[in-house]
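A short worksheet on the structure shown next.
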Amino acid sequence: MITQLFTATVLVGIVSSGVRLATSYLYAAIGETFGQISGVLNLGVEGIMLVAAFAAYYAVLQTNDLWLGLLIAIIVGAAMGLMMAFISVTLKAEQGISGIGLYLFGLGLSDLLFRVTIGTTKTLNGFSNIDIPGLTSLPIVGPILFHQNLLVYGAFALVPIAWLILNKTPWGLMIRAVGQNPEAADSLGINVARVRYITVTVGGVLSGIAGASLSIALLNVFQQNLTSGQGFIAVALVYFGAWNPWRVMVGCLLFSMVNALQIWVQILGIPISSDLAVMMPYVLTIVALIFAARLKVTQPAALTKPFERGE
């Protein structure tokens, strides 16, 4: 029965699903990449995704306006990103603990709001797939890459944009300088706190979009703990990708393909324990982190280290 996985139809389905499922990971991981390169680790990505996912879902459920839902998710993401920046940059709290606190806050708040306002799972009509004229009809590649919704296209377009900003612009140079040697950056007149505030807020915005992509584009539903650890996986994928947007994208695709594979294994009724199948993506995350550690890629030197001017 496992031979069913190797038919053309199933393989196209797995890859197409993998591309689609990579969306939320990409937004969250690229956003986290900006923050970490500037020296701030945000483990609260999962919490931001949850609150933004609920906010977008509830807005669309009430108004049937997908763009309003996306806008609200962006605002929620920015607000929670600012919260994390204030705690980490201004208050100089330990970033790992602060991030876990933000995650627990987001988990509890989204759960509470869901119970109070809706209470039961309801589906909605989310962003529909958009065909690219002349490309969707291409054999194999067309259905995989060019029959996706707008947020999927946006996630993959974000990768080269992020790479260009980080590597080819003065702003990207400032971000990298702040993350490597904030004292030297400060001596050159760069406002370290402002740079970190902006990057962490941008990360919050992208995490908000990641959450919205789940509730109003990919799954079109909200339920308790909707993200199921995706925010933490996104943080791990930043390490796997060595803070390079292109490599982060590869990691996101690798993880989402395995995730799509386990879904298809269950759909086809292949006699593999469902618990084992669901566990596959998370085992891959551990393997990926071990692989990344063995590569001995140097992380931003000031990552997780508070900066005090004059030290």
Inset, instruction - Working carefully through the options VAL116, VAL89, find the one that is farther than 23 Å from SER256 by Cα and in contact with a helix residue (DSSP H, G or I) (Cβ under 7 Å, 6 or more places away or on another chain). - result: VAL89
Inset, instruction - Please tell me if VAL152 is out of contact with any Pro (no Cβ under 7 Å at 6 or more places or on another chain), farther than 21 Å from ILE198 by Cβ and of a type in the set (Val, Ile, Thr). - result: yes
Inset, instruction - Could you tell me which residue of the stretch 45-92 is farthest from LEU124 (Cα to Cα), considering only residues that are among the hydroxyl-bearing types (Ser, Thr, Tyr) and in contact (Cβ under 8 Å) with a residue 40 or more places away in the chain? - result: THR90
Inset, instruction - Go through THR201, THR136 for me and flag whichever is closer than 26 Å to LEU66 by Cα and crowded, with 20+ Cβ neighbours inside 10 Å. - result: THR201
Inset, instruction - Give me a count of the residues in the stretch 139-175 that are farther than 19 Å from ILE30 by Cβ, surrounded by fewer than 15 Cβ atoms within 10 Å (Cβ to Cβ) and aliphatic (A, V, I, L, M). - result: 2
Inset, instruction - Determine the pairs where a residue that is more than 19 Å from VAL15 (Cα to Cα), located within the stretch 260-274, has a partner that is modelled with pLDDT of 70 or more with Cβ atoms under 8 Å apart, the partner being 6 or more residues away or on another chain. - result: ILE272/VAL265; SER274/GLN266
Inset, instruction - Sort through LEU70, LEU104 and tell me the only one that's of a type outside the set (Lys, Arg), under 19 Å from the mean Cα position of the chain (by Cα), loosely packed, with under 15 Cβ neighbours inside 10 Å and modelled with pLDDT of 95 or more. - result: LEU104
Legend entry - Residue in the stretch 209-230 that is in contact with a Gly (Cβ under 6 Å, 6 or more places away or on another chain), under 26 Å from SER128 (Cβ atoms), crowded, with 18+ Cβ neighbours inside 10 Å and modelled with pLDDT of 90 or more present: yes
Inset, instruction - Test each condition in (1) under 29 Å from ALA236 (Cα atoms); (2) assigned to a helix (DSSP H, G or I); (3) of a type in the set (Gly, Ala, Ser) for ALA93 and report the one that comes out false. - result: (2)
Legend entry - Among (1) of a type outside the set (S, T, N, Q); (2) free of Cβ contacts under 8 Å to residues at least 60 places away in the same chain; (3) within 23 Å of GLY47 (Cα to Cα); (4) not in a loop (DSSP other than H, G, I, E, B), the one test that LEU173 misses: (3)
Legend entry - Single match in GLY35, GLY39, GLY101 (criterion: farther than 24 Å from LEU218 by Cα, outside any helix (DSSP H, G or I) and of a type outside the set (A, V, I, L, M, F, W, C)): GLY39
Inset, instruction - Kindly provide the set of residues from the stretch 57-76 that are assigned to a helix (DSSP H, G or I), out of contact with any Leu (no Cβ under 6 Å at 6 or more places or on another chain) and more than 23 Å from SER256 (Cα to Cα), ordered by number. - result: TYR58, GLN62, THR63, LEU66, TRP67, LEU68, GLY69, LEU71, ILE72, ILE74, ILE75, VAL76
Legend entry - Residues being part of a helix (DSSP H, G or I) and among the hydrophobic types (A, V, I, L, M, F, W, C) - total across the stretch 104-161: 20
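The values are calculated or read from the model by the stated rules, or taken from the named source; none is laboratory data. Just so you know, these numbers come straight off a predicted model, no measurement behind them. Positions of Cβ are generated from backbone atoms using ideal geometry, with glycine treated the same way; all protein chains shown enter the neighbour counts.
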